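Undergrad: Here you go, one structure.
The values are calculated or read from the model by the stated rules, or taken from the named source; none is laboratory data. Everything numeric here is computed off the predicted structure, so don't read it as measured data. FYI the Cβ positions are ideal-geometry reconstructions off the backbone, even for glycines, and counts take in every protein chain you see.
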C-alpha cells in the first residue's frame, strides 16, 4: 500500500499508521485567534503521525485587522527613528495574551520574551529580527498548548554569506536535533545569517521552513494547512468557482507559483523535491477536504488537459533588430550583458532570424531603460531597439498537454474568438506549459477564455 493510500484511510476515522511521520505547517490565518488555535490543535491531535509543527505568525482575525508581522515591522521603523515603542509593543502583546487566555494556558506567559524583544529593538533595531518575532512567539504558545518541545529556528536553520539557505549545514544540524525529540514545534520564516544575527526568508517563508523540516526529518508527508482547500485551476477573483486541482507535480507547481499562484511559496518545493516527499495542501477550516497533492510524478488520471492557469501583469518588451543577427557569433550574449550590467533579470527571450525580444518586469526596468538601451547599442550595435510596456503574461500549465494534440490550436482559437491579440508566444520543449503575452487590459478576459475552453467546455 502506498503512503498516499494510507493517508486516505483517515476518512474512516481510524488511527493512521504510527510508522508514518508528517510535518504540518499552519499559516497565519489558521493561527490568528484562540478559536483558530483550537482548530489546529484538534487537527494535530487527530493524527498521531503529525509530529513536527511549523507555525506562522498570527494573521488577520477579520478583513480590516493587521497582521502581527506588519505590526512588528512598524515597531522596527519606530525604533529606528529613536522613538518610544512601548505602546506599540503593548498592542502586540495584547494579541498574544488574548490567544493565551482563550486557550486556557493559566501557567504560561510571554512576559519575559516581550521584555527581551523590547530591549533588543530599543538598543539595536534589526528589521529581520523584528519580523521574525511573530513566528517565534506563536511557536512558544503552540509548544505550550500541545505540550511538546520548542526548537528555535535560529538554532537549526542557517544562511550563507550571500543570504541564501545553507542547505548542507541546516539539514545536518536540524536532522540531528529532530532525532532527539519525537515531537516538536519549529517556528517558520527565519533562521541565522552568516553574521550570527536573525535572518528571514521572503514573505511566505514559513512554507520553506516546513519543507526544510520535512527534508531533515525524512518525513513521509508535508501537510501545508491554510485557508483554502488546495490549489484551484484559476484565480477565483477572475474565474467564478474554479475547479480544484487534485494532483499536481513539482514542476507544474513551480511554473504556476512563479506566475502568480500564491497558495504556496515558490521556493518551498526544492527541499522536499530532493527527497520525493509529497506536499498536501489542506484547509484548516475544512479539514475533511482532501486538498491538493503536490508530487514528484503521478499516474493519477487528470480530469483536464490543463492543470492550471496563472499570470502576471506589467511586463516590458525590448525588441532588438539587426540584419544577419543569426550569423553573428555572440550577439545574444552581448545583448544580455546589457541587462546584467544593470542588474536586471529577464523572463523570456523569443527570437527570429534578424530579431530578438527580451521580456522583463516593468518595475525592474523602467528606471534603467535608457541605460539598458545605451548598453545594447554599445555592446551589440543593433539596427534598432524598440520598447513596449503594458504586457501581461499568462501561463497555461499541464503535463497532459504532452500527449494531447491540438492544445495550442484550441488555446489560440479561444483567444481569437474573444478578439485578443497575442503579443508573444513561448513554449519549451518539455511541452509542460505555453506562455502567451497579451495587453494588460486583456489579462482577465484571456484567463477566462482559456478556462472556458479547457475546463467549462470540456467534452
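Undergrad: Exactly one condition in (1) more than 22 Å from residue 45 (Cβ to Cβ); (2) touching a strand residue (DSSP E or B) at 6+ places or on another chain (Cβ under 9 Å) is false for residue 195; which is it?
TA: Residue 195 satisfies every listed condition except (2).
Undergrad: Okay, next question. Considering only residues that are at pLDDT below 90 and in contact with a helix residue (DSSP H, G or I) (Cβ under 6 Å, 6 or more places away or on another chain), which ones fall in segment 400-429?
TA: If the condition is that a residue be at pLDDT below 90 and in contact with a helix residue (DSSP H, G or I) (Cβ under 6 Å, 6 or more places away or on another chain), then 401, 407 are the ones that fit.
Undergrad: Of the residues 398, 332, which is closer than 26 Å to residue 444 by Cβ, surrounded by 15 or more Cβ atoms within 10 Å (Cβ to Cβ), touching a strand residue (DSSP E or B) at 6+ places or on another chain (Cβ under 9 Å) and in the same structural domain as residue 441 (by TED's automatic domain parsing)?
TA: Only one candidate qualifies: 398.
Yes/no matrix, rows are residues, columns are (1) at pLDDT 95 or above; (2) closer than 30 Å to residue 47 by Cβ; (3) buried (at least 17 other Cβ atoms within 10 Å of the Cβ); (4) not assigned by TED's automatic domain parsing to the domain that holds residue 25:
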position	(1), (2), (3), (4)
300	no, yes, no, yes
321	yes, no, no, yes
328	no, no, no, yes
336	yes, no, yes, yes
341	yes, no, no, yes
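For (1) over 30 Å from residue 72 (Cβ atoms); (2) surrounded by fewer than 22 Cβ atoms within 10 Å (Cβ to Cβ); (3) without any contact (Cβ under 8 Å) to a residue 60 or more places away in the chain, each residue gets a yes or a no:
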| position | (1), (2), (3) |
| --- | --- |
| 182 | yes, yes, no |
| 191 | no, no, yes |
| 196 | no, yes, yes |
| 219 | no, no, no |
| 225 | no, no, no |
| 267 | no, yes, no |
| 271 | no, no, no |
| 281 | no, no, yes |
| 289 | yes, yes, no |
